[in-house]
1. Which helices (runs of 4 or more DSSP H) does region 209-257 wholly contain that include 3 or more residues that are within 16 Å of the chain's Cα centre (by Cα)?
2. Give me the residue from region 42-67 that is at pLDDT below 85, of a type in the set (Lys, Arg) and part of a helix (DSSP H, G or I) and, out of that set, nearest to the chain's Cα centre (by Cα).
3. Looking at region 128-147, can you tell me whether even one residue there is touching a Gly at 6+ places or on another chain (Cβ under 6 Å), over 20 Å from ASN221 (Cα atoms) and not in a strand (DSSP E or B)?
4. Among ALA363, ALA370, ALA353, which is the only one that is assigned by TED's automatic domain parsing to the domain that holds HIS329, under 22 Å from GLY138 (Cα atoms) and either modelled with pLDDT of 95 or more or surrounded by 20 or more Cβ atoms within 10 Å (Cβ to Cβ) (or both)?
5. Only residues that are loosely packed, with under 14 Cβ neighbours inside 10 Å and among the charged types (D, E, K, R): list them for region 24-41, please.
6. Looking only at region 200-216, count how many residues are closer than 25 Å to PHE313 by Cβ and touching a residue at least 40 places away in the same chain (Cβ under 8 Å).
7. Which one is farthest from THR198 (Cα to Cα) among residues in region 220-262 that are touching a residue at least 40 places away in the same chain (Cβ under 8 Å) and aliphatic (A, V, I, L, M)?
8. Determine which single condition ASN232 fails, assuming it passes every other condition in (1) within 30 Å of MET171 (Cα to Cα); (2) among the polar types (S, T, N, Q); (3) surrounded by fewer than 24 Cβ atoms within 10 Å (Cβ to Cβ).
Amino acid sequence: MPQVNRRLADRMTELGFTQAELARQVNAAIGGLTGKPGSVTDADVRRWLRGETRWPQDRIRLCLERVLSTGAVDLGFMPRKKCTAPREADPVHRRTFLSAASGSVIAVGTPAQGRLGVSDVRRLQQEYVAILRDDDAGRSSHHVESLAVELASRIQAAPALSSASTRVRDMLYRLAAEVISSAAFASIDASAPHRARTHLDKALTFAGLSRNGEAVYHVWNHLTLTSSQRENHAEAVAGAEVMKRSSIARRDPLYASLGHMRNANGLARMRRRSDALRALTDAERSFARSAHQQRPEWIRFYDGSEVDALSSFIWSALGDHGRSEYCLHRTLAAIPDDLVRNRALYTAHLSLAQARQREFELACGTGWKAYLMLPPSSGSQRTINTLAATRKVIVASGSKAPEIADWIEESALWN
């Protein structure tokens with residue numbers, strides 16, 4: 001009775017191969033060996049997996065070993081009984097195969113050389129998560145951007161230097177898009193939107209190559225931020241429309257909510273009050289419908305505290321600074337402790353909202369808190385710029401109170 005070939009199944013899973021794709025790549029390798037494509041089908045692969053084919057024909061076996069970078073015995077195949085050990089292919093035959101298929105002499109039966117699998121992508125993913133954690137903790141924007149650019153370069157080079165299944169290749173392209181988007185966000189935090197746009201143009205290419213709607217959405221989210229930072233609010237609204245209409249936004253209310261929120265922000269800055277408030281309501285309703293589930297690491301920031309924070313920006317743009325302050329208090333009461341950079345940024349915005357309501361002494365105290373929250377050399381220019389806006393409002397008030405005068409003098413040195 002044939003036994004299921006678990007070794008082959010496990011290797012296919014590790015490298016991200018479907019049955020049909022494994023058949024295609026084996027046929028391509030046969031073509032490189034013989035000059036004529038092979039005729040292996042996914043039905044043949046199923047027979048290998050079921051253990052019905054215990055020892056494939058020589059050229060098929062050699063090509064399968066090459067595609068999976070593993071020897072036939074290690075793939076769970078059993079030599080025919082008349083063989084006491086796996087038969088070495090004829091030396092000329094083997095040299096022809098190696099020259100045609102790889103251009104270099106690599107022993108077919110050695111462990112994987114130049115073959116990328118799902119586990120490799122996961123290791124790169126963990127490096128990406130570590131960069132996100134540095135960003136959350138308020139590490140230097142330049143540091144975060146440099147790490148992301150370096151990691152993205154390695155991910156981009158991997159498909160050219162190593163072979164991979166279509167699934168693994170798509171995973172690499174998606175990860176490259178996400179990492180480059182994080183480099184762009186670090187540029188945004190450093191108030192360098194033109195540099196961010198350069199990163200995002202590249203990220204959008206890789207997101208398209210990945211054929212993954214979430215990756216494309218991720219890039220568009222940062223594109224809307226870049227447009228807003230450049231004061232091109234019409235472009236930001238158009239980008240938010242792309243987010244709202246994306247396939248992932250249709251499937252998941254959380255993504256729909258973020259798209260509506262970006263849209264509301266742009267509309268508010270274009271002084272389209274009723275449209276902005278309608279979009280804000282849509283964002284809140286979509287968020288209320290969203291369920292807790294596994295999602296990509298990058299969107300972890302968009303929780304209830306972030307909904308309040310982004311709402312505060314909309315109310316501020318509409319001139320309702322009291323409502324903006326209320327939302328920011330809610331944000332700071334709920335924001336996770338590890339989001340250090342965001343806590344400093346939103347505390348700075350709270351200071352600005354207080355100053356705009358002529359609560360100058362309170363605004364100074366809140367501004368101090370925001371500045372002290374920033375780790376040394378954080379590079380969060382957005383926070384510094386917000387505190388500079390607070391200082392401008394307070395200076396314009398003409399207040400001569402000693403505490404306020406001291407704050408004005410001290411805050412002039414913040415950069």
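The values are calculated or read from the model by the stated rules, or taken from the named source; none is laboratory data. Note that the coordinates shown come from a computational prediction; the quantities given were computed from them, not determined experimentally. Cβ sites come from the backbone with ideal geometry, for glycine too, and all protein chains shown count toward neighbours.
1. 213-229
2. Residue satisfying both the conditions and the ranking: ARG66.
3. Going through region 128-147, the residues touching a Gly at 6+ places or on another chain (Cβ under 6 Å) turn out to be 140-142.
Okay, now just the ones that are also over 20 Å from ASN221 (Cα atoms), so 140, 142.
Those left that are additionally not in a strand (DSSP E or B): 140, 142.
Yes, some residue in region 128-147 is touching a Gly at 6+ places or on another chain (Cβ under 6 Å), over 20 Å from ASN221 (Cα atoms) and not in a strand (DSSP E or B).
4. Numbers: ALA363 fails: under 22 Å from GLY138 (Cα atoms); ALA353 fails: under 22 Å from GLY138 (Cα atoms).
Criteria check complete, one pass: ALA370.
5. LYS36, the sole residue that qualifies.
6. Final tally of qualifying residues: 1.
7. Among those that are touching a residue at least 40 places away in the same chain (Cβ under 8 Å) and aliphatic (A, V, I, L, M), it is LEU254.
8. All conditions are met except number (1).
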